[in-house]
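Written out below as structure tokens is the structure these notes cover.
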Amino acid sequence: MRTNLITVYYEDLVTYPKENLVRVCNFLDVEPHNEYLQVGKGILLEKPDCDRHKVEWTSEWKRIVEENLVKYDFLRGYHFES
């Protein structure tokens, strides 16, 4: 059964851009032309930007984030220190 949803994690997209762009193209039933894949790969950051490390988090804020991470399936696998 085909689903109308695809999950692509940002970290996976940055780490394996071509493979994930192919997945998205296949999901959309679009031909993944090599030129498109190269351009798409070139505009992604080479390393995820972790802005949260630039903030001084209070223990209360950390608690709130950690509580919300477990509420949503798409956030499974993330944790505050990742």
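Quick notes
- Just so you know, in the stretch 59-82 the residues that are aromatic (F, W, Y) and part of a helix (DSSP H, G or I) include one that is modelled with the lowest pLDDT, and it is F74.
- Search result, residues across the stretch 1-44 that are of a type in the set (S, T, N, Q), without any contact (Cβ under 8 Å) to a residue 60 or more places away in the chain and outside any helix (DSSP H, G or I): T3, N4
The values are calculated or read from the model by the stated rules, or taken from the named source; none is laboratory data. The model shown is predicted, which means the values in this text are computed figures rather than measured ones. Note that we place each Cβ from the backbone using ideal geometry, even for glycine, and neighbour counts take in every protein chain shown.
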